[in-house]
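One structure is given below, encoded as structure tokens.
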Amino acid sequence: MKDYERDLLNARKRAGRKVGRKIATKAKRALGSVDRIRKKQIEPKVAKKTGSLILKDSGPDARVREYGAEIKAKGGGMLRIDFDSETRGQEGSFIAPGSDGAPLIYAGEGDDARPIAILKKRVKRSAVSKSKRLSDIAEDHFDDYLDQIEEEIENG
């Protein structure tokens with residue numbers, strides 16, 4: 001009986017590693033054209049004691065990406081949304097209302113002034129489509145995972 005349990009555990013570990021890589025690859029593709037660092041935050045793990053497959057997305061926007069969210073500024077403040085990652089944290093020269101009335105932060109003076117960020121009281125971010133969610137990608141591979149465990153048991 002102990003041999004069977006050990007073989008089953010090892011089969012689950014091997015299957016988890018194989019299927020986990022496939023799921024992580026698809027999830028990284030679903031992220032689109034984000035930077036490499038963000039894509040590295042999606043990684044499959046296999047628990048040593050149980051052989052369970054665990055998919056970990058440690059990105060700062062992982063939950064918002066999956067389920068959507070509304071972010072509100074605290075205490076009557078404003079949220080700064082930068083237009084470009086290069087201007088993140090850059091001090092603006094002045095603030096003026098944009099065409100929709102929302103305050104824009106400008107850099108530069110006179111004719112050289114250009115908007116670098118917008119100030120908002122709340123920002124709503126929609127969830128990604130079902131086909132791009134890590135949880136749904138993993139669910140699509142569940143049968144493959146079970147088949148792989150069976151194959152690993154048979155092949156030893």
Residues that are without any contact (Cβ under 8 Å) to a residue 40 or more places away in the chain and touching a strand residue (DSSP E or B) at 6+ places or on another chain (Cβ under 8 Å): does the stretch 69-81 have at least one? yes
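What about residue 86, is it surrounded by fewer than 12 Cβ atoms within 10 Å (Cβ to Cβ), outside any loop (DSSP other than H, G, I, E, B) and modelled with pLDDT under 85?
Numbers: surrounded by fewer than 12 Cβ atoms within 10 Å (Cβ to Cβ): yes; outside any loop (DSSP other than H, G, I, E, B): yes; modelled with pLDDT under 85: yes.
Answer is yes for this residue.
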What's the number of the condition residue 36 fails, among (1) touching a helix residue (DSSP H, G or I) at 6+ places or on another chain (Cβ under 9 Å); (2) within 27 Å of residue 132 (Cβ to Cβ); (3) surrounded by fewer than 14 Cβ atoms within 10 Å (Cβ to Cβ)? (1)
Pairing a residue in the stretch 20-47 that is over 19 Å from residue 136 (Cβ atoms) and at pLDDT 90 or above with any residue that is open to solvent by 60 Å² or more (accessible area, probe 1.4 Å) and in a helix (DSSP H, G or I), where Cβ atoms lie under 7 Å and the two sit 6 or more apart in sequence or on different chains, gives 46/17
When (1) in contact with an Asp or Glu (Cβ under 8 Å, 6 or more places away or on another chain); (2) closer than 25 Å to residue 134 by Cα are applied to residue 88, the one that fails is (2)
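Would you pick out the residues in the stretch 121-154 that are among the β-branched types (Val, Ile, Thr) and either outside any helix (DSSP H, G or I) or surrounded by 17 or more Cβ atoms within 10 Å (Cβ to Cβ) (or both)? Steps first, answer last, please.
Taking the stretch 121-154 and keeping what is among the β-branched types (Val, Ile, Thr), we get 123, 128, 137, 149, 153.
Across the stretch 121-154, the qualifying residues are 123, 128, 137, 149.
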Which residue is most open to solvent (accessible area, probe 1.4 Å), if the candidates are limited to the stretch 1-20 and must be touching a helix residue (DSSP H, G or I) at 6+ places or on another chain (Cβ under 7 Å) and farther than 14 Å from residue 155 by Cα? 18
Do any residues in the stretch 105-121 that are farther than 8 Å from residue 93 by Cα have Cβ atoms under 8 Å from those of residues that are β-branched (Val, Ile, Thr) and open to solvent by less than 30 Å² (accessible area, probe 1.4 Å), where the two are at least six apart or on different chains, and which pairs are they? 115/105; 116/87; 116/105; 117/87; 117/105; 118/105; 119/105
Any residue at all in the stretch 61-82 that's surrounded by 15 or more Cβ atoms within 10 Å (Cβ to Cβ), touching a His at 6+ places or on another chain (Cβ under 6 Å) and in a helix (DSSP H, G or I)? no
Hits in the stretch 89-120 - residues which are within 25 Å of the chain's Cα centre (by Cα) and exposed (fewer than 12 other Cβ atoms within 10 Å of the Cβ): 89
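The values are calculated or read from the model by the stated rules, or taken from the named source; none is laboratory data. As the structure is a computational prediction, the values presented were derived from the model and not from experiment. We place every Cβ from the backbone using ideal geometry, glycine too, and count neighbours over all the protein chains shown. With ligands, DNA and RNA removed, areas are computed over all heavy atoms of the protein, side chains included. Shrake-Rupley method; radii C 1.70, N 1.55, O 1.52, S 1.80 Å.
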